[in-house]
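Enquirer: Take a look at the following structure, please.
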Amino acid sequence: MGIRLLAVLLMLAAMPAVAHAMDAQSFYVKGLALQKKGTAAILSPEIRPLMSEMRSAGKAVKAENDRAKAAGNPLFCIPDNHGMDANKMLAEFGKIPSNRRSKMSVTQALREILIRRYPC
(Lines give C-alpha, C1' and ligand atoms only; values in the text may rest on other atoms or scores of the structure.)
Protein backbone atom coordinates (compact mmCIF):
# COMPACT_ATOMS: atom_id res chain seq x y z
CA MET A 1 0.00 0.00 0.00
CA GLY A 2 2.90 2.39 0.71
CA ILE A 3 4.24 1.93 -2.78
CA ARG A 4 0.82 2.78 -4.18
CA LEU A 5 0.81 6.01 -2.18
CA LEU A 6 4.26 6.80 -3.55
CA ALA A 7 2.92 6.12 -7.03
CA VAL A 8 0.01 8.48 -6.45
CA LEU A 9 2.41 11.15 -5.23
CA LEU A 10 4.58 10.73 -8.31
CA MET A 11 1.56 10.81 -10.59
CA LEU A 12 0.42 14.00 -8.88
CA ALA A 13 3.69 15.31 -10.18
CA ALA A 14 1.83 16.22 -13.37
CA MET A 15 0.72 19.37 -11.57
CA PRO A 16 2.64 22.64 -12.09
CA ALA A 17 5.67 23.46 -9.97
CA VAL A 18 8.99 25.23 -10.19
CA ALA A 19 11.89 22.82 -10.32
CA HIS A 20 15.51 22.75 -11.32
CA ALA A 21 16.67 20.53 -14.12
CA MET A 22 17.92 17.16 -12.89
CA ASP A 23 19.46 14.70 -15.27
CA ALA A 24 17.56 11.47 -15.74
CA GLN A 25 20.40 9.34 -14.34
CA SER A 26 20.39 11.25 -11.04
CA PHE A 27 16.61 10.99 -10.88
CA TYR A 28 16.79 7.24 -11.51
CA VAL A 29 19.50 6.60 -8.91
CA LYS A 30 17.69 8.67 -6.28
CA GLY A 31 14.41 6.97 -7.15
CA LEU A 32 15.95 3.52 -6.73
CA ALA A 33 17.33 4.54 -3.33
CA LEU A 34 13.86 5.68 -2.26
CA GLN A 35 12.30 2.51 -3.63
CA LYS A 36 14.61 0.46 -1.38
CA LYS A 37 13.21 2.33 1.64
CA GLY A 38 9.76 0.90 0.93
CA THR A 39 6.92 2.67 2.69
CA ALA A 40 9.41 4.82 4.63
CA ALA A 41 10.15 6.61 1.35
CA ILE A 42 6.93 8.58 1.71
CA LEU A 43 8.31 10.29 4.81
CA SER A 44 11.77 10.86 3.38
CA PRO A 45 12.77 14.45 2.64
CA GLU A 46 14.50 13.15 -0.48
CA ILE A 47 11.14 12.50 -2.13
CA ARG A 48 10.25 16.18 -2.46
CA PRO A 49 12.90 17.08 -5.06
CA LEU A 50 11.99 14.02 -7.11
CA MET A 51 8.30 14.85 -6.97
CA SER A 52 9.05 18.43 -7.97
CA GLU A 53 11.20 17.29 -10.86
CA MET A 54 8.58 14.83 -12.11
CA ARG A 55 5.86 17.46 -11.70
CA SER A 56 7.82 19.90 -13.82
CA ALA A 57 8.66 17.27 -16.44
CA GLY A 58 5.05 16.08 -16.55
CA LYS A 59 3.78 19.60 -17.09
CA ALA A 60 6.28 20.26 -19.89
CA VAL A 61 5.62 16.97 -21.69
CA LYS A 62 1.85 17.37 -21.35
CA ALA A 63 2.04 20.87 -22.85
CA GLU A 64 4.15 19.52 -25.72
CA ASN A 65 1.68 16.73 -26.37
CA ASP A 66 -1.27 19.13 -26.18
CA ARG A 67 0.36 21.36 -28.83
CA ALA A 68 1.14 18.33 -31.00
CA LYS A 69 -2.41 17.03 -30.55
CA ALA A 70 -3.85 20.41 -31.57
CA ALA A 71 -1.72 20.21 -34.72
CA GLY A 72 -3.17 16.75 -35.41
CA ASN A 73 -0.09 14.70 -34.55
CA PRO A 74 0.02 13.77 -30.83
CA LEU A 75 3.30 12.46 -29.44
CA PHE A 76 1.59 9.86 -27.25
CA CYS A 77 -1.92 8.71 -26.38
CA ILE A 78 -2.36 7.73 -22.74
CA PRO A 79 -5.54 5.71 -22.14
CA ASP A 80 -7.90 6.96 -19.45
CA ASN A 81 -7.22 3.97 -17.23
CA HIS A 82 -3.43 3.88 -17.60
CA GLY A 83 -1.52 2.39 -14.71
CA MET A 84 2.09 3.38 -14.23
CA ASP A 85 3.04 3.35 -10.58
CA ALA A 86 6.44 4.42 -9.20
CA ASN A 87 7.92 0.95 -9.72
CA LYS A 88 6.87 0.87 -13.36
CA MET A 89 8.11 4.42 -13.89
CA LEU A 90 11.52 3.56 -12.44
CA ALA A 91 11.61 0.41 -14.57
CA GLU A 92 10.95 2.57 -17.63
CA PHE A 93 13.78 4.92 -16.65
CA GLY A 94 15.94 1.82 -16.27
CA LYS A 95 15.25 0.82 -19.88
CA ILE A 96 17.10 3.92 -21.04
CA PRO A 97 20.84 3.11 -21.11
CA SER A 98 22.73 4.88 -18.31
CA ASN A 99 25.08 6.67 -20.72
CA ARG A 100 22.01 8.23 -22.38
CA ARG A 101 20.20 8.88 -19.08
CA SER A 102 23.17 10.89 -17.82
CA LYS A 103 22.94 13.18 -20.87
CA MET A 104 19.19 13.79 -20.82
CA SER A 105 16.84 15.68 -18.58
CA VAL A 106 13.97 14.07 -16.71
CA THR A 107 11.66 15.84 -19.18
CA GLN A 108 13.42 14.24 -22.14
CA ALA A 109 13.35 10.83 -20.48
CA LEU A 110 9.67 11.13 -19.58
CA ARG A 111 8.82 12.16 -23.14
CA GLU A 112 10.69 9.13 -24.49
CA ILE A 113 9.01 6.81 -22.00
CA LEU A 114 5.50 8.06 -22.78
CA ILE A 115 6.06 7.87 -26.53
CA ARG A 116 7.34 4.30 -26.18
CA ARG A 117 4.65 3.09 -23.76
CA TYR A 118 1.64 4.89 -25.21
CA PRO A 119 1.98 5.18 -28.99
CA CYS A 120 -0.97 6.60 -30.87
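Enquirer: Tell me which residues, restricted to region 59-90, are among the aliphatic types (A, V, I, L, M) and surrounded by 14 or more Cβ atoms within 10 Å (Cβ to Cβ).
Expert: 60, 61, 68, 75, 78, 84, 86, 89, 90
Enquirer: Mind counting the residues in region 72-106 that are of a type in the set (S, T, N, Q) and either without any contact (Cβ under 8 Å) to a residue 60 or more places away in the chain or in a loop (DSSP other than H, G, I, E, B) (or both)?
Expert: Number of matching residues: 4.
Enquirer: Oh, and also: For region 1-71, give me every one of the helices (runs of 4 or more DSSP H) that falls completely inside it and has 1 or more residues that are on the phi < 0 side of the Ramachandran plot, among the basic types (Lys, Arg) and modelled with pLDDT of 85 or more.
Expert: 24-36, 47-70
Enquirer: Has region 76-83 got any residue that is of a type outside the set (Asp, Glu) and touching a His at 6+ places or on another chain (Cβ under 9 Å)?
Expert: Within region 76-83 (the criterion being of a type outside the set (Asp, Glu) and touching a His at 6+ places or on another chain (Cβ under 9 Å)), the answer is no, since none of the residues qualifies.
The values are calculated or read from the model by the stated rules, or taken from the named source; none is laboratory data. Predicted model only: the values in this text are computed from it and were never measured. A quick note on method: Cβ atoms are made from the backbone with ideal geometry, for glycine too, and the neighbour counts reach across all protein chains shown.
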